[in-house]
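Undergrad: Before we start, here is the structure in question, set down as structure tokens.
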Amino acid sequence: MTETVLPTPARLSPVRDDQAWPFPIISGGRSHVRLRVWPTKDSEGPLVIATDLMLGAGLVNDAESLCRAVVREFGKDAVVVRHFPAWTMLAIDGEDTFHRLTLNAQDTANWHPCTREVLDLLGPSALGFPGDIPPVSAEVGAAAVAPQSAQMARVLAALLQLNENRVIERRPDGYPTRHGPVTERDLPPFSHLQLGTEALRRLTSFLGEANVNAFETTAGSKRDKKLGKIVETLQEQTWELTRLADEMLAEERERERPAS
């Protein structure tokens, strides 16, 4: 298959970098990709690279939906590139794989391999920064674990789904008359609090590992102390939430106890 030449970016760093960019898919739900955008020198539209971090149905099944969403937001001249990172099962020969996506007259996505000149020029900003690289497994043949950036993108994607609403009822003319949550609210009160508390506890631990004094400066030292206090407060509040959950569980068990 003939390789396609990508437009030359006007700068090396992207003007936009979304860890979990949501876009609607044909099934009626949403999927998410890591989206990076560069202005170009020799094209009317920007260069848009969508990295498939496996946050939904994926960019094989949802290629058409991705193209339409990018055109809506960035214009009809946007150059859409699909990126499968080296650590994913869709990468070819274990290397980062890039395809330019275009829609044909039947509104079906066609994919074309990309030449390497522009991708090599962009370097880490296209292929991934150090935090995007998966850790090397100590066990030979063990499955690669997605890096921190992918895991956090998945967390963000899930949180977006928890908080977003969608139109669930329209008038015949299409005007929305009723909204509802994207995800079904099926958790009982105790589980709602317990699971939310556990997620907060783990995120607190993750935040506590942030290096806010990389250059060992006075200002960095102050940030480090402030972060420590914030983490300590979050930990205390997590314990308070745990106590609330324990109270709810005890009350529930008391109500289920047969009357003597």
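The values are calculated or read from the model by the stated rules, or taken from the named source; none is laboratory data. The structure presented is a predicted model; accordingly, all values stated were derived computationally and were not measured. Every residue, glycine among them, receives a Cβ derived from its backbone with ideal geometry; neighbour counts consider all protein chains shown. We work out accessible area using only protein heavy atoms, side chains counted, and drop any ligands, DNA or RNA first. Shrake-Rupley method; radii C 1.70, N 1.55, O 1.52, S 1.80 Å.
Undergrad: If you take the residues of region 238-255 that are under 13 Å from LEU200 (Cβ atoms) and surrounded by 13 or more Cβ atoms within 10 Å (Cβ to Cβ), which of them is modelled with the lowest pLDDT?
TA: Restricting to residues being under 13 Å from LEU200 (Cβ atoms) and surrounded by 13 or more Cβ atoms within 10 Å (Cβ to Cβ), the top hit is ALA245.
Undergrad: Can you find even one residue in region 79-101 that is on the phi < 0 side of the Ramachandran plot, assigned to a strand (DSSP E or B) and hydroxyl-bearing (Ser, Thr, Tyr)?
TA: yes
Undergrad: Could you run through region 212-237 and say how many residues are more than 22 Å from ALA199 (Cα to Cα), open to solvent by less than 90 Å² (accessible area, probe 1.4 Å) and of a type outside the set (A, V, I, L, M)?
TA: Adding up the residues that qualify gives 5.
Undergrad: Look through region 21-56, keep the residues that are in a strand (DSSP E or B), in contact (Cβ under 8 Å) with a residue 60 or more places away in the chain and surrounded by fewer than 22 Cβ atoms within 10 Å (Cβ to Cβ), and return whichever of them is farthest from the chain's Cα centre (by Cα).
TA: By that ranking, first place goes to ARG30.
Undergrad: Return the only residue of ALA146, ALA138, ALA142 being open to solvent by 90 Å² or more (accessible area, probe 1.4 Å), among the small types (Gly, Ala, Ser) and either at pLDDT below 75 or on the phi > 0 side of the Ramachandran plot (or both).
TA: ALA138
Undergrad: What do you reckon, is THR233 farther than 21 Å from ALA158 by Cα and either hydroxyl-bearing (Ser, Thr, Tyr) or touching a strand residue (DSSP E or B) at 6+ places or on another chain (Cβ under 6 Å) (or both)?
TA: yes
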